[in-house]
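Asker: Sharing a structure, written as structure tokens. Questions coming.
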Amino acid sequence: MNLTIHVWRQKSREAKGGFVAYKAENISPDASFLEMLDVVNESLIEKGEESIHFEHDCREGICGSCGMMINGVAHGSRGKAMATCQLHMRHFKEGDEVWVEPWRARAFPIIKDLIVDRSGLDTIIQAGGFISVNTGSAPEANMIPIPKPVQELSMDAAACIQCGACVAQCPNGAAQLFTSAKVSHLGLLPQGQPERYERVVRMVEVMEEMFGSCTMFGECEAVCPKAISIDFIARMNRDFIAAKFKSQKEISVGV
Amino acid sequence: MELNSKTPPGPLANKWEKAKASYKLVNPSNKRKYDIIVVGAGLAGGAAAATLGELGYNVKCFVYHDSPRRAHSIAAQGGINAAKNYRNDGDSIYRLFYDTIKGGDYRAREANVYRLAELSVDIIDQAVAQGVPFAREYGGSLDNRSFGGVQVSRTFYARGQTGQQLLLGAFQALERQIALGSVKMYPRHEMLDLVVVDGHAKGIITRNLATGRVESHAADAVVLGTGGYANVFYLSTNAKASNTTAIWRAHRRGATFANPCYTQIHPTCIPQSGDFQSKLTLMSESLRNDGRIWVPKSKGDTRGPKQIPESERDYFLERKYPSFGNLAPRDIASRASKEVCDEGRGVGASGRGVYLDFADAISRLGRPTIEERYGNLFEMYHDITAEDPYEIPMRIYPAPHYTMGGLWVDYNLMSNVPGLYVIGEANFSDHGANRLGASALMQGLADGYFVLPVSIGDYLAGQFGKKVDAGRPEFAAATAEVQDRVSRLLGAKGTRTVDSFHRELGGIMWDYCGMERDAEGLRKARTMVRELREKYWREVKVLGEGEEPNQSLEKAGRVADFFELADLMCLDALQREESAGGHFRTEYQTADGEAQRDDDKFRYVAAWEFTGEKSEPRLHKEPLEYEEVKLATRSYK
Ligand SMILES: Cc1cc2nc3c(=O)[nH]c(=O)nc-3n(C[C@H](O)[C@H](O)[C@H](O)COP(=O)(O)OP(=O)(O)OC[C@H]3O[C@@H](n4cnc5c(N)ncnc54)[C@H](O)[C@@H]3O)c2cc1C
Ligand code: FES
């Protein structure tokens, strides 16, 4: 198939960017969107033009490296959970015009073309997205049984790939879905209880310093490649409020 | 050069205790005075960097990814082994050890493998404590599944995302140390050289991928956890950026490279569908718990799978290996699949595919159970191929997946260059000539959490007061070499893209150094690789500048190193005149087509020393002594 792609090109963070149109020719419908970009890049290099820079690695929807706005939609498909690398060209039509842009968010400055700096998400994890257990100090794994539904729900949240699509799609550039996924993954498990309330407060505070605020548009959920539910945001908010209105001691002893 | 494995004396089961007891210790208050560079933050590097930070060392951790959580380990699907014996099915540390040694076709070090089996149980404890949401039974205890090459259920899993969840455990521990200031993270930094000072590894040269700047970093020791090199084949199941540069550069600085020809071709991958294809997708081995593999009995059968009656199907693994059936080890299953396709019985448009059929399992267990077990894998298959595996069998074909070879290390995971440690897939240590499923995650984490953080103290204790700084001339010399390579790549100004060369190289390796090898083909491949490599340096076209983000340049450097490695792989495959595990030499096979080892002549680790670009590498042999297991011909019949 043949398409026209309009790609955002920007040489560096400071440089001015703009759309450039390219022909994507003889593309197999079985190719992925990134493989289509590979084909375009090969032809660009042959013509002496620098390739379109974009991030990618696993190409199977798990590493979270890839991500771009395709026709205004993060990862290019609303409602069908997938990362850009999992989007296949069979979802497009012959002659389509496709607009390709980097994640647009204040917290994600552009590095080059479609590559942005998402390190703010790691900073949120550093604020408390872990269980403090040093290597070697763990008890026997089966000592604490975990009800299967609890483990399943925790896993639903833990499936987040930290791609940043939620932030990019949000009109406010908020990182609530991402943060709530980590808060819920750990907060649901018995192992995560000791730090549960301290964790949520620390993570939310750091998140709010860097990212926009959530007004529950729900756009994030629609584009999340792992279909992470917006219910986790409600769960995070409940924990946050609980933590704010009670002292750590009160919560811990359950009064 | 003598390669001393430093395996502790005494009975197998006491060796690790003995080693720990004999290690020199670093005084806790002195630990922060030691700088350790860890390159890589996959399961191995991430676990090591976090644990070293917890111990109080001053760690600098480098990755080429934008975040440590993106390491290729994230893509592991199926699971991780551990000798917990929760199923009460007769498992034990000894059995896990034995299965792994046998699975590796008796080409791994006994002591290392035994330690791995011992530590496997601690890994599960650690991961659960970190919040890894492993699958559970209704009673709340941990669930297990089976993997290839074994007859017990010892594989722990988190849906089809086990690697992701284990890596997140290590990543979270690492982020905690970053917040505490014991680890400094350098994302988007690619190591391009190792710096050796007075014979000891004392630093690295990196290129900052966001700015293009070349930088020097000094430390008291260097740890490489930089993953495997299956991308030498271009098409593989590895992530696109996985490469050999870190270990290859260390090899050129003196570290011997062990068993480079031992590569694993995984039987269950989605077949290639066109020239545009950039990588191959693995369908987890766990699918073979419930899927049955077959092809039509007769050649050129073009009927759809459902039109072929039971009596005209050949369930070839069940037929040839009745006691292990569809769960025969990878090397054996891959070769059997290739064989039926070579006979003209392969399926799909290319004829390079076999069916992996779930119809029986669905009718026996019901669709919901299958969905629960493999839902995300089925969906992945459906997305890629536009075929619904609940309705028609999957089509699969072998693909390069894992590399057992890597830098040589002793029992303490130190290479022959003092101060240079190598962990995870980057070393050669535990899998012999074939790795069993679900044991790479185990090895990476055993190395990273439990072995390296203790064994490295033994070296560091002797380095007190011997700090070097990056102002030493060795750093300037290595920097100049890195910059020279960069300018040669940019300056070639040829006509062909990096990818086109990489594809061609991969094709040569797949044809002559892939699933089957022979002397003539390997000699031919060496000539072809060398010619192509010369052409590469003349004709490659890399646009852009060095001092900016430049993805073509990044790739160009990695492919340049793949060329050199490819030659060594062929040479290693050529010298090993036997078949063992994933290394199958057609000249050496039994009457029924199985691998034929030659224990008298080849029961050794082949460790290659770099002697210069123009001269042949020198072979060193580390003999493998088996005190505990009796060498036998592997049988899965
Ligand atoms: C698709 C797939 C599925 C798998 N499934 C399983 C499974 O179910 N069970 C199992 O046991 N094994 C599985 N494996 C194998 C297993 O995932 C890997 O062997 C293992 O994760 C490797 O871990 P590692 O830490 O050694 O390296 P990696 O995870 O590859 O990490 C390498 C790290 O090094 C960094 N790096 C590399 N080179 C440089 C450099 N020059 N400069 C700076 N940084 C560098 C990278 O940024 C990265 O952080 C699977 C493999 C694949 C391909
Ligand atoms: S490339 Fe890894 S998620 Fe797309």
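The values are calculated or read from the model by the stated rules, or taken from the named source; none is laboratory data. Only a predicted model underlies this, so the values are computations on that prediction, with no experimental measurement involved. Reconstructed Cβ throughout: ideal geometry from the backbone, glycine too, with neighbour counts over all protein chains shown.
Asker: Restricting to the range A:46-79, and then to whatever is in contact (Cβ under 8 Å) with a residue 40 or more places away in the chain and within 16 Å of ligand 1 (Cβ to nearest atom), can you tell me which residue is nearest to B:K493 (Cα to Cα)?
Answerer: A:E55
Asker: Looking only at helices (runs of 4 or more DSSP H) that lie completely in the range B:1-105, which have at least 3 residues being crowded, with 24+ Cβ neighbours inside 10 Å and within 16 Å of ligand 1 (Cβ to nearest atom)?
Answerer: B:43-55, B:93-103
Asker: Given the conditions (1) surrounded by fewer than 24 Cβ atoms within 10 Å (Cβ to Cβ); (2) on the phi < 0 side of the Ramachandran plot, report the number of the one that A:M68 does not fulfil.
Answerer: Result: A:M68 fails condition (1) only.
Asker: Here's something else I'd like to know. Say we look at the range B:235-269 and pick out the residues that are more than 16 Å from ligand 2 (Cβ to nearest atom) and among the β-branched types (V, I, T); which of these is nearest to B:N326 (Cα to Cα)?
Answerer: Among those that are more than 16 Å from ligand 2 (Cβ to nearest atom) and among the β-branched types (V, I, T), it is B:T268.
Asker: Next question. Checking A:G95 against (1) surrounded by fewer than 23 Cβ atoms within 10 Å (Cβ to Cβ); (2) within 10 Å of chain B (Cβ to nearest Cβ), which single condition isn't satisfied?
Answerer: Status for A:G95: all satisfied but (2).
Asker: Also, I was wondering about something else. Could you list, in sequence order, all residues of the range A:119-130 that are at the interface with chain B (Cβ under 7 Å from one of its Cβ atoms) and buried (at least 24 other Cβ atoms within 10 Å of the Cβ)?
Answerer: Correct list: A:I125, A:G129, A:F130.
Asker: Only one of B:S92, B:S67 is hydroxyl-bearing (S, T, Y) and under 30 Å from B:L460 (Cα atoms); which?
Answerer: The match here is B:S67.
Asker: Which one of A:E250, A:E209, A:E205 is modelled with pLDDT under 95, in a helix (DSSP H, G or I), more than 30 Å from A:C85 (Cα to Cα) and of a type in the set (D, E, K, R)?
Answerer: Being modelled with pLDDT under 95, in a helix (DSSP H, G or I), more than 30 Å from A:C85 (Cα to Cα) and of a type in the set (D, E, K, R) holds for just one of A:E250, A:E209, A:E205, which is A:E250.
Asker: Given the range B:306-406, what helices (runs of 4 or more DSSP H) lie entirely inside it while holding 1 or more residues that are surrounded by 16 or more Cβ atoms within 10 Å (Cβ to Cβ), on the phi < 0 side of the Ramachandran plot and under 26 Å from the mean Cα position of the chain (by Cα)?
Answerer: B:316-320, B:330-340, B:367-385
Asker: Continuing with the same structure: Of the residues B:L166, B:L174, B:L209, which is touching a Lys or Arg at 6+ places or on another chain (Cβ under 7 Å) and buried (at least 21 other Cβ atoms within 10 Å of the Cβ)?
Answerer: After applying the criteria, what remains is B:L209.
Asker: Report whether or not A:E208 is in contact (Cβ under 8 Å) with a residue 12 or more places away in the chain and among the acidic types (D, E).
Answerer: Answer is no for this residue.
Asker: Continuing with this model, one more query. Looking only at the range B:212-234, which residues are surrounded by fewer than 24 Cβ atoms within 10 Å (Cβ to Cβ) and within 16 Å of ligand 2 (Cβ to nearest atom)?
Answerer: None; the set is empty.
Asker: With A:M89, A:M82 as the choices, which residue is in contact (Cβ under 8 Å) with a residue 24 or more places away in the chain, farther than 20 Å from B:G544 by Cβ, away from ligand 1 (no atom under 16 Å from the Cβ) and touching a helix residue (DSSP H, G or I) at 6+ places or on another chain (Cβ under 6 Å)?
Answerer: Selected residue: A:M89, the only one of A:M89, A:M82 that is in contact (Cβ under 8 Å) with a residue 24 or more places away in the chain, farther than 20 Å from B:G544 by Cβ, away from ligand 1 (no atom under 16 Å from the Cβ) and touching a helix residue (DSSP H, G or I) at 6+ places or on another chain (Cβ under 6 Å).
Asker: May I ask you to verify whether B:E215 is in contact (Cβ under 8 Å) with a residue 40 or more places away in the chain and among the acidic types (D, E)?
Answerer: The answer is no for B:E215.
Asker: Note down all Cβ pairs under 7 Å where the first residue falls in the range B:195-208 and is closer than 17 Å to B:Q483 by Cα, the second is assigned to a strand (DSSP E or B) and basic (K, R), and they're at least six residues apart or on different chains.
Answerer: Close Cβ pairs (under 7 Å, with a partner that is assigned to a strand (DSSP E or B) and basic (K, R)) amount to B:V195/B:K202.
Asker: Filter the range A:46-60 down to the residues that are of a type outside the set (A, V, I, L, M, F, W, C), at pLDDT 95 or above and either within 15 Å of ligand 2 (Cβ to nearest atom) or within 17 Å of B:S278 (Cβ to Cβ) (or both) and list them by number.
Answerer: Once the filter is applied, which keeps residues that are of a type outside the set (A, V, I, L, M, F, W, C), at pLDDT 95 or above and either within 15 Å of ligand 2 (Cβ to nearest atom) or within 17 Å of B:S278 (Cβ to Cβ) (or both), the range A:46-60 yields A:S51, A:H53, A:E55, A:H56, A:D57, A:R59.
Asker: With respect to A:R78, determine if the residue is within 12 Å of ligand 2 (Cβ to nearest atom) and charged (D, E, K, R).
Answerer: For A:R78, the condition - within 12 Å of ligand 2 (Cβ to nearest atom) and charged (D, E, K, R) - is not met.
Asker: Tell me which residues, restricted to the range A:84-114, are within 16 Å of ligand 2 (Cβ to nearest atom) and under 25 Å from B:I384 (Cβ atoms).
Answerer: A:T84, A:C85, A:Q86, A:L87, A:H88, A:M89, A:H91, A:V100, A:W103, A:L114
Asker: What number of residues within the range B:420-474 are part of a loop (DSSP other than H, G, I, E, B), touching a strand residue (DSSP E or B) at 6+ places or on another chain (Cβ under 7 Å) and buried (at least 24 other Cβ atoms within 10 Å of the Cβ)?
Answerer: Matching residues across the range B:420-474 total 7.
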